[in-house]
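Report on the following structure.
Nothing in this text is a laboratory measurement; each read-out follows from the coordinates by a stated rule. Quick caveat, the model's predicted, so the values are computed rather than measured. Virtual Cβ from ideal backbone geometry, glycine too; neighbours counted across all protein chains shown.
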């Protein structure tokens, strides 16, 4: 990927495609705006809505006092980073005049335009922005229920599960077997399971070199596959084994009592088992009626307004936004564009088509990373790849790009968390 293309992606492409920012910044209409979910999508949306419409009453509904970031959490699992570096508060948002409501949204009534909270209170809204993230489909994988996540952690929502998986790896004897079960796409962070495999293998190579890691994957292909497989061959050739759908790698049943994963033809026993469950949009999206039969939320690509419920916008992992991936970068970009479009709508201006970008970094060792980027347009209300834009890191790393990308990943994380949480 060329330097000029990287600069294009880093330049805020999503906000520079002709949207009338100066005019919106002067908009003064008072409105009640509610944002559900305090992650990369929701917190960004709240901050931009308040900046674009300073006279609006912006409420961010989030039950947790702190947000624990999934990006970079694989570094925590492998012992390369402390969980405290992943943890962010909402104080900066409060200082900007955003009302941070520490409660859970339990229901959304589109007709009356109100959000019901776990406290029993109701929040009225003129426009609602939802960034509900993901929830797990506990009924989709036989044997994998909430009751077994202590034995077989998912660690797909960062926090205590991240620490648990790290502790299980530390306690595993040298020569043990680590199993990772990857669900069918779509799921949050498409390269995430494979970065996790890389970093766990890095830990095992250093601390428990007689051990093995097996990826049991329900998918025939995965994000950045040529780059990951090349890295595994280079760094962990005898340690990492990937079995995809064509090799009947998809897990069909989980047995926490015997620490076994069943596929169509095999049974694998692991000393540490990381089961990443099938996913769908967060539960509040189901209750609000913005999720369709797939479990995800169809949106208009220009405004991010729900195609099912007018007046409600959805951003981030919960959306049906392919070919955009379900990533923190994508959520951040979508939230900015959504905030601008909401401000336009409240200023009696029509939403404008724009262009969005995404870059995903993945570590393959403690010092090297790879990336994939894409550029997407929304001219007709649907997301489409911009031909010739984006791309992957080169397969031949003779110039040492992988080491530089690891440094760029740190810079990216610092920038996006500062922009989101202050």
| Share, in percent, of DSSP beta bridges within the chain that are antiparallel, nearest 5 | 50
| said: Using alpha carbons only, how many angstrom separate the centre of the stretch 405-422 from the centre of the stretch 280-346? | reply: 23
| Segments 385-394, 283-292 sorted - mean Cβ within 10 Å per residue, highest first | 283-292, 385-394
| query | Which residues in the stretch 351-374 have a backbone N closer than 20 Å to a point placed 7 Å from the Cα of residue 229 along the Cα-to-Cβ line? | reply | 362-365, 369-373
| query | Cα centroids of the stretch 185-233 and the stretch 95-144: how far apart, whole angstrom? | reply | 34
| Using a basic spin-label model with each label point 7 Å from the Cα along Cα→Cβ, how many nm lie between residue 85 and residue 418? | 1.6
| field | Fewest-first sequence of 268, 241 by Cβ atoms within 10 Å of each Cβ | value | 241, 268
| If R0 is 30 Å, what FRET efficiency do you get for residue 185 and residue 353 from their C-beta distance, rounded to 0.05? | 0.65
| field | FRET efficiency, 1/(1 + (r/R0)^6) with R0 25 Å, evaluated for residue 292 and residue 142 via beta carbons | value | 0.50
| field | Estimated inter-spin distance, residue 307 and residue 237, nm [label 7 Å along Cα→Cβ] | value | 4.8
| query | What shape does the stretch 146-275 take by its C-alpha gyration tensor, where a ≥ b ≥ c are the square roots of the eigenvalues and a/c under 1.5 counts as rounded, a/b above b/c as prolate, and the rest as oblate? | reply | rounded
| remark: Yeah, the chain with a ≥ b ≥ c from its alpha-carbon gyration tensor (a/c under 1.5 is rounded, else prolate when a/b outruns b/c, oblate otherwise) is prolate
| remark: Fewest to most Cβ atoms within 10 Å: 40, 383 sort as 383, 40
| query | If packing is taken as the mean number of other Cβ atoms within 10 Å per residue, what is the order of 320-333, 348-361, 49-62, highest first? | reply | 320-333, 49-62, 348-361
| Reference-scaled alpha-carbon Rg (2.2 N^0.38 Å with N residues) for the stretch 279-421 | 1.17
| query | Going by how many other beta carbons lie within 10 Å of each one, how would you line up 258, 44, fewest first? | reply | 258, 44
| query | So what is the calculated 222 nm ellipticity per residue for the chain, using -39500 (n - 2.57) for each DSSP H run with n of 4 or more, over all residues, to the nearest 500 deg cm²/dmol? | reply | -8500 deg cm²/dmol
| query | What is the spin-label model distance, in nm, from residue 51 to residue 220 if the labels are put 7 Å beyond Cα along the C-beta direction? | reply | 4.4
| field | Packing rank of 178-187, 128-137, 111-120, 248-257, where each peptide gets the mean count of other beta carbons within 10 Å, highest leading | value | 128-137, 178-187, 248-257, 111-120
